[in-house]
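A.B. asks: Mind looking over this structure? Questions follow.
Please treat every number below as a calculation from the coordinates, not as lab data. Computed from a prediction, not measured in an experiment: that's the story for all the values here. Note that we place each Cβ from the backbone using ideal geometry, even for glycine, and neighbour counts take in every protein chain shown.
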Amino acid sequence: MSIDQRLAELGIDIPTPVAPVANYVPYVQSGNLVSISGQIPMKDGKLAFEGKVGDSVSIEDACAAARLCALNIIAQIKAACAGDLERVVRIVKLGGFVNCVDGFGGQPQVINAASDLMVDVFGDKGKHSRSAIGTNALPLNVPVEIDALVEIG
C-alpha cells in the first residue's frame, strides 16, 4: 500500500508546512538525511494548544498536541521530498519535548502519540529511535515540540 493510500485509509490530510517563526529553516538536507526543525502544534496557522502539561493541559490534550506536531513533521518531510512521501526510507529519530510541571513523568506517553502516527503512516519505515524530555518551558508556551531526523532516497 502506498503512503498516500495509507493516509487516505487513516483519514489523514497532510497540512501545509508551517513557516518558521524565527531565524531558522524548516528542514535541512545533508546527503540522504533530512533534519526537520522542531514542530509545534499549529493548525490552520494558529496554535491549537498552549500551556503546561500537568497544569492547564491534560495528558489527552498533550497527546493530541504531539500528534499534531507529527502531522506537521510529515508536512515538512513531504516538502523536502518534493511532494513524494514514497522517498522516505526511514524515520530515524524523533526528539520530543514536553512543557510540564515538576514531577510529571508521562513524557513517553505524550510523545508516543507522535511515534504511533509515524508507524501508522510509514509502517516499519516509521519505527525510530526517540527522546522524550520534560522541560519547564517551550516557545510560545506550547505543551509539546518535536523534531525529526529522516532518511530519504
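A.B. asks: Rank the residues CYS63, CYS69, CYS100 as a footprinting-exposure proxy: fewest other Cβ atoms within 10 Å of their Cβ go first. Before the final figure, lay out each step's value.
C.D. replies: Details: CYS63 21, CYS69 31, CYS100 26.
In order of increasing Cβ crowding within 10 Å: CYS63, CYS100, CYS69.
A.B. asks: Translational diffusion coefficient of region 3-152 at 10 °C, 1.306 mPa s, Stokes-Einstein with Kirkwood Rh over Cα pairs, in µm²/s as a whole number.
C.D. replies: Working: Rh = 15.2 Å.
Answer, rounded: 105 µm²/s.
A.B. asks: Counting only residues 5 or more places away or on other chains, whose amide H sits under 5 Å from the amide H of SER37 once H atoms are built in the peptide plane?
C.D. replies: For SER37, whose amide H was placed from the backbone, the distant partners under 5 Å are TYR27, VAL28.
A.B. asks: A further question on this structure: Take every DSSP beta bridge whose two residues both sit in the chain, then give the antiparallel share in percent to the nearest 5.
C.D. replies: On the way: 20 of 29 bridges.
Roughly 70 percent of the DSSP beta bridges within the chain come out antiparallel.
A.B. asks: Hey, another quick one. Given H placed on each backbone N at 1.01 Å, which residues far from VAL89 in sequence or on other chains put an amide H within less than 5 Å of it?
C.D. replies: GLU151, ILE152, GLY153
A.B. asks: Chymotrypsin sites (Phe, Trp or Tyr not before Pro), restricted to region 1-104: which are DSSP loop and have at most 13 other Cβ atoms within 10 Å? Mind showing how you got there, number by number?
C.D. replies: On the way: sites: TYR24, TYR27, PHE49, PHE97, PHE104; in loops: TYR24, PHE49, PHE104.
Sites meeting the loop and neighbour criteria: TYR24.
A.B. asks: Related question: What do the square roots of 5 times the Cα gyration tensor eigenvalues come to for region 67-153, in whole Å, largest first, as semi-axes of the equivalent ellipsoid? Could you put the intermediate results ahead of the total?
C.D. replies: On the way: eigenvalues 125, 35, 17 Å².
Square roots of five times the eigenvalues give 25, 13, 9 Å.
A.B. asks: Right, here's the next one. Any idea what the dipole of region 53-153 comes to, in debye rounded to 20, about its Cα centre with Lys/Arg Cβ at +1 and Asp/Glu Cβ at -1? Provide the component values of the computation, followed by the final result.
C.D. replies: Numbers: 8 positive and 12 negative charges, 71 e Å.
Rounded to the nearest 20 debye, it is 340 debye.
A.B. asks: To test your reading of the geometry: what angle, between 0 and 90 degrees and rounded to tens, separates the Cα axis of helix 59-80 from the longest principal axis of the chain?
C.D. replies: 30 degrees
A.B. asks: Go ahead and collect, in residue order, the members of region 77-99 whose backbone nitrogen is under 15 Å from a label point 7 Å along the Cα-Cβ direction of ASN32.
C.D. replies: Inside the label zone: 86-93.
A.B. asks: Let me ask you something else. Output wanted: per-residue J couplings in Hz (rounded whole) for region 107-124, from phi through Karplus 6.51 cos²θ - 1.76 cosθ + 1.60, θ = phi - 60°, x for Gly and Pro.
C.D. replies: 4, x, 4, 5, 6, 4, 4, 6, 4, 4, 5, 4, 6, 4, 7, 9, x, 4
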